[in-house]
Amino acid sequence: FVDPEELDQFLCRAAFCVEHFGTPKVGEAELQAALRSLCTGLRSFADLRRAAGNGAFLQMLMSMLAPGDAVLLEREAPTRIQLPSGRRAPVRYVRDKDPWVASRLQDFFGMEESPKIAGGRTALVIHLLAPNQRPVQTTTDLAGFWRRLYPEIRKQLSRRYPRHAWPENPVAPRTAG
């Protein structure tokens, strides 16, 4: 009744906030309490599936957080970030690792530094992808990537993908058109 990946991402985001902001832990007791609350008045598993549809279980978990903690979770451990290309890329959280985001290299054109979360304290690990969605580079230092590695990668990718724009200055503001 709950998408396991969505639940895992929620729990990892909550754990990230515990680590960085000292918010209360969301554990087994909270999961059971949310499930019990969701089941109140239901008679069958079919009723539970309908009730849990559309993220209702995660909404129930969010509602069990203190209001300030729920706001903190949404603000400091976002599920998506806005990239200069206009794309909203999903942020992935993994236990005991830094959060990461993956998107095409071109989506980061116009961004000088690595995106950060947790009030600017945590740089996201960026998986830069070629137009074919294969990894080109992984970094937490986007500024250093642009300076040191991009010129050579630009040469390689512009030969392989000539129809794509590969500007010499990737941090210059993007222009419409």
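Values quoted throughout were computed directly from the atomic coordinates according to the rules given, and no laboratory measurement underlies them. Computed from a predicted model, the values in this text were never measured in an experiment. Note: ideal-geometry Cβ built from the backbone for every residue, glycine included; neighbour counts use all protein chains shown.
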At what distance in nm do the modelled label points of Gln156 and Ser85 sit from each other, each positioned 7 Å from its Cα along Cα→Cβ? 1.8 nm
Note to self: C-alpha centroids of region 1-39 and region 90-155 sit apart, in Å, by 27 Å
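Take the Cβ-Cβ distance between Leu149 and Phe21 as r, set R0 to 35 Å, and report the resulting FRET efficiency rounded to the nearest 0.05. Spell out each step's value before the answer.
On the way: r = 33 Å, r/R0 = 0.95.
Working from the Cβ atoms, E equals 0.55.
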Starting at 0 and stepping by 10 Å, how many percent of the alpha carbon pairs of region 1-125 end up in each bin? 12, 39, 29, 15, 4, 0
What list of whole percents do you get for P(r) of region 48-177, with Cα-Cα distances grouped in 5 Å bins up to the one holding the largest distance? 2, 9, 17, 19, 16, 12, 9, 7, 5, 4, 1, 0
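Using the alpha carbon gyration tensor of region 73-128, what are the three equivalent-ellipsoid semi-axes (square root of 5 times each eigenvalue), largest first, in whole Å?
Numbers: eigenvalues 64, 27, 23 Å².
Ellipsoid semi-axes (Å, largest first): 18, 12, 11.
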What does the extension gain come out to for Cys39 and Arg134, with contour length at 0.36 nm per residue minus their alpha carbon separation? 29.9 nm
So what's the back-of-envelope 222 nm ellipticity for the chain, counting only DSSP H runs of four-plus at -39500 (n - 2.57) apiece and dividing by all residues, rounded to 500? -11500 deg cm²/dmol
Partner lysines for Lys97 [C-alpha distance under 18 Å; skip if fewer than 8 residues away on the same chain]: Lys25, Lys116
